[in-house]
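Encoded as structure tokens, the structure appears first; notes follow it.
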Amino acid sequence: MPPRPLTRLRKICLGMPDTTEVESWGAPTFRVKNKIFAMYSADGNNHGAAKPGVWLKATPTNQDLVLRSDPERYFKPPYVGPSGWIGVWLDDLVDWETLSGFIADAYALAVPRKKTRKK
């Protein structure tokens with residue numbers, strides 16, 4: 001039996017440096033230095049999804065490209081979608097390699113930039 005989608009998602013997200021899992025709004029969120037980069041959405045939750053998914057931080061440009069590439073696989077999530085986030089369905093057809101790349105991109109957008117000292 002393959003691992004549950006949340007189990008696989010946790011392994012990928014928590015494999016990123018300085019990442020933590022925090023339950024917010026009744027669901028797991030994944031953070032780097034307290035900045036959310038991924039949120040799990042269980043099937044049948046109050047967000048209107050009939051199947052599990054993950055919401056990932058992205059830029060509006062990337063969101064547009066991804067949603068156009070496969071509207072059956074990707075979606076604009078509620079609440080955070082207008083800010084450019086991408087939703088990915090975590091059903092039997094999920095491409096975990098592609099999803100890992102999206103997670104790495106989301107992490108990179110959330111990780112705090114080190115301030116450079118002026119000389």
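The values are calculated or read from the model by the stated rules, or taken from the named source; none is laboratory data. Because the structure is predicted, anything quoted here is derived from the model rather than measured. Don't worry about glycine lacking a Cβ; one is built from the backbone with ideal geometry, like all the others, and counts go over all protein chains shown. Side chains included, ligands, DNA and RNA excluded: accessible areas come from the protein's heavy atoms. Shrake-Rupley method; radii C 1.70, N 1.55, O 1.52, S 1.80 Å.
Some points to look at:
- Scanning the range 55-66 turns up no residue that is on the phi < 0 side of the Ramachandran plot, within 15 Å of the chain's Cα centre (by Cα), open to solvent by less than 80 Å² (accessible area, probe 1.4 Å) and acidic (Asp, Glu).
- Cβ-Cβ under 8 Å pairs, at least 6 apart or on other chains, the range 1-25 side within 16 Å of residue 107 (Cα to Cα) and open to solvent by 60 Å² or more (accessible area, probe 1.4 Å), far side modelled with pLDDT of 95 or more and of a type in the set (Asp, Glu): 10/21; 14/21
- The set of residues from the range 5-27 being in a strand (DSSP E or B), acidic (Asp, Glu) and in contact with a Lys or Arg (Cβ under 9 Å, 6 or more places away or on another chain) comprises just one member, 21.
- Here residue 68 clears all of (1) modelled with pLDDT of 95 or more; (2) charged (D, E, K, R); (3) assigned to a loop (DSSP other than H, G, I, E, B) except the condition numbered (3).
- Yes/no for residue 51 being modelled with pLDDT of 90 or more and open to solvent by 40 Å² or more (accessible area, probe 1.4 Å): no
- Yes/no for residue 108 being of a type outside the set (Ser, Thr, Tyr) and in a helix (DSSP H, G or I): yes
- Figure legend. Inter-residue proximity from the range 56-78: first residues more than 16 Å from residue 99 (Cα to Cα), second residues modelled with pLDDT under 95 and surrounded by fewer than 12 Cβ atoms within 10 Å (Cβ to Cβ), beta-carbon distance below 9 Å, spacing 6+ or different chains. Indicated pairs: 60/82; 78/48.
- Failed condition for residue 86, given (1) more than 20 Å from residue 4 (Cβ to Cβ); (2) open to solvent by 80 Å² or more (accessible area, probe 1.4 Å): (2)
- Count of the range 89-105 residues, restricted to those that are among the acidic types (Asp, Glu), in a loop (DSSP other than H, G, I, E, B) and open to solvent by 70 Å² or more (accessible area, probe 1.4 Å), is 2.
- Failed criterion for residue 43 (all others in (1) at pLDDT below 95; (2) of a type outside the set (A, V, I, L, M); (3) surrounded by 12 or more Cβ atoms within 10 Å (Cβ to Cβ); (4) not in a loop (DSSP other than H, G, I, E, B) hold): (4)
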